[in-house]
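Visitor: Before we start, here is the structure in question, set down as structure tokens.
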Amino acid sequence: MKTEDAALIERCRAGDIAAFEPLVEKYRQRVWRLAYNVVRDREEAWDVAQEAFVRAWQALPNFRGQSAFYTWLFRIVMNVASDRVRARAARGRAFGTERIPEEDWDRVLVEQPHEAQPDAAATGAERRTQIEKALAKLSDDHRRIVVLSDIEGLSYKEIADVLDIPMGTVMSRLHNARKRLKAVLGPLLVLLLAVVPLLAALIAPHGADAQQVVRFGARVLLATDKPPTSASLRPGPPADERLKAFLPRLRQLTGYAEYMPLDRYRAEVPIGSVQQWSVPGDRMLEVIPDRVEGDTVYMRVRLQRGAVNEVTTNIQAARGNPAVIGGPRYADGVLVIIVWANANPQPR
């Protein structure tokens, strides 16, 4: 263990909480980066990082210094992040999330061709997209191995300590992960392994994306088996012709026969911005456009009631391809949320 870490840890054990702050400052970016690689959600990764540091502080009396502090800390991060992923999967959704092809879903969203970019910028964006897709094709175990080895620079033994697996398994998984990356990326693999900042940039907000503005919105419907009977329900804007034409597909997807429009929302914001709307049932709908690929906007969606996350999911939405999310029960049925997006809106 590094001398400066050891000295700070001894002060922490003596009850000096101020000595823990330099450790947090030193490792917080690496902790967040590791958490994000597991949960794939920027905000949740910060939650994981915070919880991991709290657990580390509480567990410091049991830390014996048999490994480096950061490998011990990374193991806590992996455990917290994995617990979050399992909990998210266990929550489930009423119908799941599905991209629904629907041409001309909303004609106010007019496509605009991408502006010409310099060759160098275009080449860089293309490489980034290739690497992102290649990493996405790896299993969770293989992707974590690549991150720990080629981004964080951990040794085989340190990775084995973090993941609690034999060192031989680390070597085997890393070999197989790089073999698969080579098959997908070819010569670009050299770039991926040699230029660590480029790889690290893949799990942090991208500068160009952060400046891009997207337009998106949501329709909230009440889906029921029979016409709703709750007298307190307040219908929203009436269904337009496009929504009426879409209802047969919606019935096929959800199994419900009746749909009452409750609300409709719109936003035009930069990538990474948080947009929140109040939803019937004392709920809050949060939509965060995460990145853009072509005409598709990748978004994170959360439907929250009080402190409870009722729906947490990642979706893809575009003009002609809205995403349909099945929500929780409300009144006589369930909430259904339709999310559309335009990656290249014309200026208003």
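The values are calculated or read from the model by the stated rules, or taken from the named source; none is laboratory data. Computed from a predicted model, the values in this text were never measured in an experiment. Methodologically, a virtual Cβ is constructed for each residue, glycine included, from the backbone with ideal geometry; neighbour enumeration extends over all protein chains shown.
Visitor: Are any residues in segment 48-65 charged (D, E, K, R) and without any contact (Cβ under 8 Å) to a residue 24 or more places away in the chain, and if so, which ones?
Guide: First, the residues of segment 48-65 that are charged (D, E, K, R): 51, 55, 64.
Correct list: 64 only.
Visitor: So residue 287 passes all but one of these: (1) within 15 Å of the chain's Cα centre (by Cα); (2) under 19 Å from residue 235 (Cα atoms). Which condition number does it fail?
Guide: If we test residue 287 against (1) within 15 Å of the chain's Cα centre (by Cα); (2) under 19 Å from residue 235 (Cα atoms), just (2) comes out false.
Visitor: Here's a follow-up. Inside segment 224-244, can you point out the residues that are touching a residue at least 60 places away in the same chain (Cβ under 8 Å), farther than 19 Å from residue 327 by Cβ and either in contact with a Phe, Trp or Tyr (Cβ under 7 Å, 6 or more places away or on another chain) or part of a helix (DSSP H, G or I) (or both)?
Guide: 242
Visitor: In addition: Could you say whether any residue in segment 122-132 is among the aliphatic types (A, V, I, L, M), within 30 Å of residue 328 (Cβ to Cβ) and either touching a helix residue (DSSP H, G or I) at 6+ places or on another chain (Cβ under 8 Å) or at pLDDT 55 or above (or both)? Steps first, please.
Guide: Of segment 122-132, the ones among the aliphatic types (A, V, I, L, M) are 122, 125, 131.
Remaining after also requiring within 30 Å of residue 328 (Cβ to Cβ): none.
The answer is no; no qualifying residue exists.
Visitor: Within segment 1-47, can you find the residues that are free of Cβ contacts under 8 Å to residues at least 60 places away in the same chain and hydroxyl-bearing (Ser, Thr, Tyr)?
Guide: Listed by number, the residues that qualify are 3, 27.
Visitor: Also: List the number of the failed condition for residue 77; all other conditions in (1) under 30 Å from residue 343 (Cα atoms); (2) at pLDDT 90 or above hold.
Guide: All conditions are met except number (1).
Yes/no per residue for (1) aliphatic (A, V, I, L, M); (2) surrounded by fewer than 20 Cβ atoms within 10 Å (Cβ to Cβ); (3) under 16 Å from the mean Cα position of the chain (by Cα); (4) modelled with pLDDT of 85 or more:
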position	(1), (2), (3), (4)
5	no, yes, no, yes
29	no, yes, no, no
51	no, yes, no, yes
59	yes, yes, no, yes
85	yes, yes, yes, no
97	no, yes, yes, no
101	no, yes, no, no
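Visitor: If residue 327 meets every condition in (1) crowded, with 22+ Cβ neighbours inside 10 Å; (2) modelled with pLDDT of 85 or more apart from one, which number is that one?
Guide: That leaves (2) as the condition not met.
Visitor: Scanning segment 255-300 for residues that are part of a strand (DSSP E or B) and of a type in the set (Asp, Glu), which turns out nearest to residue 218 (Cα to Cα)? Walk me through it before giving the result.
Guide: Taking segment 255-300 and keeping what is part of a strand (DSSP E or B), we get 258-270, 275-279, 283-293, 296-300.
Now restrict to residues that are of a type in the set (Asp, Glu): 258, 263, 268, 286, 290, 293.
Working: 258: 19, 263: 8, 268: 12, 286: 11, 290: 16, 293: 20 Å.
Looking at the filtered set, the residue picked out is 263.
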